[in-house]
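Student: One structure is given below, represented as structure tokens, and several questions about it will come after.
The values are calculated or read from the model by the stated rules, or taken from the named source; none is laboratory data. Keep in mind the model is a prediction, meaning the values are calculated, not measured. Here the Cβ positions follow ideal geometry from the backbone for every residue, glycine too, while neighbour counts run over all protein chains shown.
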Amino acid sequence: MIALSALSLFPDADVIGFPLGVPYGVAWGHRGASHSLVAALTVGVLFWLAAGRESRPRAVGCSAKSFGAIVALVVASHGLLDA
């Protein structure tokens with residue numbers, strides 16, 4: 001639960017662009033592409049692939065597909081709540 005709560009903050013990782021000179025209002029600026037549903041689905045798919053092909057990975061406690069969907073929803077919640 002703590003890890004998923006921390007993962008919900010993933011879209012705000014785009015603030016590292018500020019010191020690099022990325023303006024706020026551009027597509028890769030804050031509240032840009034990292035806050036999109038496409039980014040949330042991409043992170044969910046990456047976690048699904050990382051969970052492996054096992055029907056029920058021990059470290060996760062649910063199926064890999066379910067875990068990927070949960071992660072995608074958690075990451076998507078950040079963008080939706082920011083809106």
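Student: Check Ala13, Ala6 and return the single one that is among the aliphatic types (A, V, I, L, M), under 22 Å from Ile70 (Cα atoms) and in contact (Cβ under 8 Å) with a residue 12 or more places away in the chain. I'd like the intermediate steps shown before the answer.
Tutor: Values: Ala6 fails: in contact (Cβ under 8 Å) with a residue 12 or more places away in the chain.
It is Ala13.
Student: Considering only the range 25-66, state which residues are at pLDDT 85 or above, under 14 Å from His78 (Cα atoms) and not β-branched (Val, Ile, Thr).
Tutor: Leu37, Ala39, Ala40, Leu41, Gly44
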